[in-house]
Every structure is written in C-alpha cells, then in structure tokens.
1. So, SER217, is that one within 16 Å of the ligand (Cβ to nearest atom) and among the small types (Gly, Ala, Ser) or not?
2. How many residues are under 19 Å from the mean Cα position of the chain (by Cα) and either at pLDDT below 95 or within 22 Å of TRP199 (Cβ to Cβ) (or both) when one looks only at region 238-291?
3. Given the conditions (1) of a type outside the set (Val, Ile, Thr); (2) farther than 28 Å from PRO95 by Cα; (3) surrounded by 19 or more Cβ atoms within 10 Å (Cβ to Cβ), report the number of the one that PHE77 does not fulfil.
4. Considering only region 128-149, I want to know if a residue exists there that is surrounded by 14 or more Cβ atoms within 10 Å (Cβ to Cβ) and more than 21 Å from the chain's Cα centre (by Cα).
5. Could you check region 151-191 and list, in sequence order, the residues that are closer than 24 Å to LEU60 by Cβ, polar (S, T, N, Q) and within 15 Å of the ligand (Cβ to nearest atom)?
6. Identify, from the list LEU225, LEU250, the residue that is within 16 Å of the ligand (Cβ to nearest atom) and not in a loop (DSSP other than H, G, I, E, B).
7. Go through region 54-74 and report how many residues are of a type outside the set (Phe, Trp, Tyr), closer than 20 Å to GLU3 by Cβ and surrounded by 14 or more Cβ atoms within 10 Å (Cβ to Cβ).
8. I'd like the full set of residues that are away from the ligand (no atom under 12 Å from the Cβ) and either among the hydroxyl-bearing types (Ser, Thr, Tyr) or touching an Asp or Glu at 6+ places or on another chain (Cβ under 9 Å) (or both), limited to region 194-203.
Amino acid sequence: MIEQVAPDFFRVQIPLPGSPLKSLNSYFILGQPRNLIVDTGLNRPECQEAMTQAIAELGLDLDRTDFFITHLHADHFALTSKVAGKNSRIFFNRPEAEIIEAHTGWEPMINFGGLNGFPREELVAALENHPGYKYASEWVPELSLMNDGDHLTVGEYNFTCLVTPGHTLGHTCLWEEQRGILVAGDHILGDITPNIQCWKDDYDPLASYLDSLERVSHLPVRLTLPGHRSLVADCQVRIKELAEHHHHRLAEIIGILASGSYNAYQTAARMSWDIRCDTWEEFPVAQKWFATGEAMAHLRYLENKGDVVRGERDGVRVYGLPG
Ligand SMILES: [Zn+2]
C-alpha cells in the first residue's frame, strides 16, 4: 500500500507476516539526481514482493536510488542487500556497523540471559523463532557511515542525521528542518511503544532513550513518520506519553521489588503486559524474551540511579530495594 505524505515523498507499507508490528513503513523520497528509500523490511519473499511492486509503481530506477537504514533491526535492515542496485549507497550509523562487524553469534546474549534468570533452553528456542534470526540479511552490503549532524540532500529535501540511541545503540532519525518532517524510525511510534531492551553491560538504554526523546522534543516537528503503524498525530504529545509510560514502568518495578528480591526474568513475570495470556507460563517464549529485555533495561536504569541494588544468588543477578 502506497500513500503520499508530502511532495515526492511516499509511505510504503511492507507486510511483516505474523508480527504484532503488522508492517514496516518504508519511505520513498523521489528526487534528482538520486532517490532515497528509508528502511526496507525482512529478508523474506513477502517483504521483497511488496518492495519490488512499490519500486515499479513509483517508477524508481535502482541505479539512481540510495538507502538510509534507521537501525540494525532485521525488519528495517535485512532486505536492503536484496533490493539495492549496483550503484546504490547504503547510509547507516557507525555504532551499529561496529556491532555487525564484531558479531560472533548469539552466545553472549544467551549467557547474559542466563545471568538474569532466563532459562537457557527457552532463550535458544526464542532466538531460533525470532524473525531477526530467521529473516536476517544474507550478506551485509557495503555501508556509507553517517554521523550525527551529517546532511543528506534528496531533491528538495535537506535531511540532517539525528542520532537517537535508546531503541538501539545507534538509532538515527532524519530531520528535515524546513518542512518540519521527522523520519522517526522506531524512536517514536504512535499506536505502540518502542521497545527498550538491555542485553549487555556498560549500557543504559533507557537513560539514552529518555535523553533522545528530550532531544527531539525541542524540534518544531510538523509531520512525524514512524517505522511502524499509523503516522503520529502530535509528536510533542506522543513524546510526553512515551516518557510517562517508562516512568510508570519504573514505579511498577519499585512496587514489585518492595515485596522481595527478584532476577530480571522473575521481575518481568510480575510486570503487567499487554498480552492476552492469563499467566507468565502461557506467554509465548518470544514474548518472554522481549519482556525480560524490557525488565532488564528498567532495572539497569534504576540501579544506575541508586534506586535498586544488585546482588547475586547462585550465579544469577537479583535486584532489590536498598537498605
Ligand atoms: Zn526496531
């Protein structure tokens, strides 16, 4: 489905079968001498068909089309190597290019899960079923790395790269100042909250995310173009709601830890989730993975603030209130 959102600027919905996200919003910006496509989809036939059809319908010549990928998640990145033309440049952020380069498998993540109470067999099952694993890129194309503040001109549009870490380490939005257009990726979503997860040490993704929300809150945004679902009606209002959502979550966790010390997996089991399951045991394993990652991000934030303390029980990290 193709919808025009501004002159020479289109939203293309790329289906994500079986995903609660439903579809990816890819954006096509037509210009001379080169077009730009923002985000592409998973490396699976349903996404490729939708992309190929939109490219044909909008009459894009891939040899004069470049790509900008907001972040490394497979639903944004993985199809790129399949659709890019021979002369396409692929713009991407530096921190995540380094992650891709250093990637040696999922073992560190599985171990980190174990350290946080996530049963190993469950985590392996979750990974094997995850679309980011099943529909990953077959190869990583050559990337043109962009830094915060770099410019990208497409026809009448002059975009500035806005690095907004939180949802991922190097997540980057595109900001078109003159028209007040924010290509938001998964930094700001309308109908759902971007998930903020933590699967390693030395990183506080929730603190980064709240800072990145604050940064964008100062921009005079008139049109917010998110990576999934419907367009965001009012960016400033949505930013307030998203920040509030996380502060509610933090308060909820403090309430949970008031009754005892728990690891991240156990904390996630006690948090409230928007899922049609009566008990934690009934959660699909992929949802447990997602929930535990969220719990860990919030626990890390609280730990860094000194609001919770971390201990260890039988090789597993547990969190409790201080004192
Ligand atoms: Zn994402």
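The values are calculated or read from the model by the stated rules, or taken from the named source; none is laboratory data. Source: prediction; values computed, not measured. For neighbour counting, all protein chains shown are included, and Cβ atoms are generated from backbone atoms with ideal geometry for every residue, glycine included.
1. In short, no.
2. The total comes to 12.
3. (2)
4. no
5. Result: THR172, single match.
6. Selected residue: LEU225, the only one of LEU225, LEU250 that is within 16 Å of the ligand (Cβ to nearest atom) and not in a loop (DSSP other than H, G, I, E, B).
7. First, the residues of region 54-74 that are of a type outside the set (Phe, Trp, Tyr): 54-66, 69-74.
Applying the additional criterion that residues be closer than 20 Å to GLU3 by Cβ yields 54-60, 65, 70.
Remaining after also requiring surrounded by 14 or more Cβ atoms within 10 Å (Cβ to Cβ): 54-55, 58, 60, 65, 70.
Result for region 54-74: 6.
8. Taking region 194-203 first, the residues away from the ligand (no atom under 12 Å from the Cβ) are 198-203.
Listed by number, the residues that qualify are CYS198, TYR203.
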